[in-house]
Amino acid sequence: MADSPILAEEAELYRIAKAIHSEIYSIDSHCDTPMYFRYGIDIGKTNPAWILNPKDLGAETENEPVRYNLKVDIPQMQAGWLDAVFMVAYLKQGARDDSSLRQTVEKTGSIIREIIAQVEKNRTVAGIARSSGDLKQLKAEGRKAIFIGIENGYGIGKDIRNIRKFAGLGVRYITLSHNGDNDLCDAAVDSFSEHNGLSAFGEKVVREMNRLGVMVDISHTSEKTSFDAVALSTCPVIASHSSVKALCNHPRNISDQLMQAIAAKGGVIQICIYPQFLREDGNATVTDVVNHIDYVTQTVGIDHVGIGSDFDGGGGIQGVNAANELPQITLELLRRNYSKDAIAKIWGGNLMRVMDAVQKQQ
Ligand SMILES: [Zn+2]
């Protein structure tokens, strides 16, 4: 019986992809997995599906409970040839009085400590990474690298000293806002344009992040805030999980002008695997993910694109729905003739370059 030429070709692509991943560093720059720690999951294990009530996670509308499978854990990272992930402390935007801010800052610290505890519990297979050097070291040891981020500058309250405190715990980026304006800036979604971009406090925050080597993340911020942050920052900025506005008109996506500004400063746009950021009808596949990567590459070059899934925060599409399915992106990049060097840049090289530049400036 003759072999199927299509399957033989796919098998060859799979072999090439696996060989490439053994030599490059792959990073997913955004997942919200810590939101699920409260359900007693262990990132070192394959966790059974559980019944999740979206209201428990702060959904405002009454949603039907769903059966949920965690999208990021060490076994799925191993299966997906993923070397590193940014796990973030997500703070839902809420009230901004002193008492609420105090509670929010406390919550930020407690989520960060939970991330560290999860990694500590699994230290034979994972470690906390604070730099590209840490990632290289962990990969050499056969362990997964867990980086820490904060999703929403609300998490530092109004006290600039909290940036140093959280950076000391390992935080490598802060997303300046989530949905809704905060004391730092205006957001892309649910905004009243309270500050017309970055506030005076937000400017201080960006300067302090530059000083401490913490990456400035403009995913979730308004167009004006994003331009303000890029202009003010003395080192490259990132969009940790955003896609391309020209391909999918969503306020969370990056316009061509903003893309050019980010690239001109040496930054990187990490394409988000959130269905509604990839296609307006939400029916996205890996073809759309790589269409967005193609677009950034063709518009500002191969040095300014990466991947930030938003898994366990709403990210995930048919075919690329959890960390173990991420190699589908590599296969599609190979089908479109991306070189090994280009794939290395997309999967982590670009973000590592930015991390190095931001830390070197200290
Ligand atoms: Zn987000």
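The values are calculated or read from the model by the stated rules, or taken from the named source; none is laboratory data. In this text the structure is predicted, and so the values were computed from the model without any measurement. Using ideal geometry, Cβ is built from the backbone for each residue, glycine included, and neighbour counts are taken over all protein chains shown.
Report, by residue number, each residue of the stretch 153-194 that is of a type in the set (A, V, I, L, M) and part of a loop (DSSP other than H, G, I, E, B). Break it down into steps so the answer makes sense when it comes.
So the first thing to find is which residues in the stretch 153-194 are of a type in the set (A, V, I, L, M), and the list is 156, 160, 163, 167, 169, 171, 174, 176, 184, 187-189.
Ile160, Leu169, Leu176, Leu184, Ala188, Val189 - these are the residues of the stretch 153-194 that are of a type in the set (A, V, I, L, M) and part of a loop (DSSP other than H, G, I, E, B).
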Q. Counting only residues that are away from the ligand (no atom under 16 Å from the Cβ), out of contact with any Pro (no Cβ under 7 Å at 6 or more places or on another chain) and assigned to a strand (DSSP E or B), how many does the stretch 1-57 have?
A. 2
Q: Scan the stretch 173-183 for residues that are away from the ligand (no atom under 13 Å from the Cβ) and surrounded by 22 or more Cβ atoms within 10 Å (Cβ to Cβ) and jot them down.
A: Asp181, Asn182
(Q) Of everything in the stretch 120-145, what is part of a loop (DSSP other than H, G, I, E, B) and of a type in the set (Val, Ile, Thr)? Give them in sequence order. (A) Thr124, Val125
Q. Is it the case that the stretch 46-63 has a residue that's within 18 Å of the chain's Cα centre (by Cα), under 27 Å from Thr108 (Cα atoms) and at pLDDT 90 or above?
A. no
Q) Can you pull out the residues in the stretch 207-224 that are surrounded by 24 or more Cβ atoms within 10 Å (Cβ to Cβ) and under 16 Å from Ile150 (Cβ atoms)? A) Met209, Val214, Met215, Val216, Asp217, Ile218, Ser219, His220, Thr221
Q: Considering only the stretch 213-255, state which residues are more than 16 Å from the ligand (Cβ to nearest atom), under 22 Å from Gly348 (Cα atoms) and not in a loop (DSSP other than H, G, I, E, B).
A: Val230, Val244
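Go through Gly197, Gly202, Gly213, Gly180 for me and flag whichever is in contact with an Asp or Glu (Cβ under 6 Å, 6 or more places away or on another chain) and within 18 Å of Lys265 (Cβ to Cβ). Before you say what the answer is, go through the steps one by one.
On the way: Gly202 fails: in contact with an Asp or Glu (Cβ under 6 Å, 6 or more places away or on another chain); Gly213 fails: in contact with an Asp or Glu (Cβ under 6 Å, 6 or more places away or on another chain); Gly180 fails: within 18 Å of Lys265 (Cβ to Cβ).
After ruling out the rest, the residue left standing is Gly197.
Which of the residues belonging to the stretch 298-312 are within 15 Å of Asn350 (Cβ to Cβ) and under 19 Å from the mean Cα position of the chain (by Cα)?
Of all residues in the stretch 298-312, those within 15 Å of Asn350 (Cβ to Cβ) come to 299-308.
Scanning the stretch 298-312 gives Ile302, Asp303, His304, Val305, Gly306, Ile307, Gly308.
Looking only at residues that are touching a residue at least 60 places away in the same chain (Cβ under 8 Å) and part of a loop (DSSP other than H, G, I, E, B) in the stretch 256-271, which one is farthest from the ligand (Cβ to nearest atom)?
Gly266
From the list Glu208, Glu194, which residue is over 23 Å from Glu106 (Cα atoms) and among the acidic types (Asp, Glu)? Explain how you work it out, then say what you get.
Working: Glu208 fails: over 23 Å from Glu106 (Cα atoms).
Residue meeting the stated conditions: Glu194.
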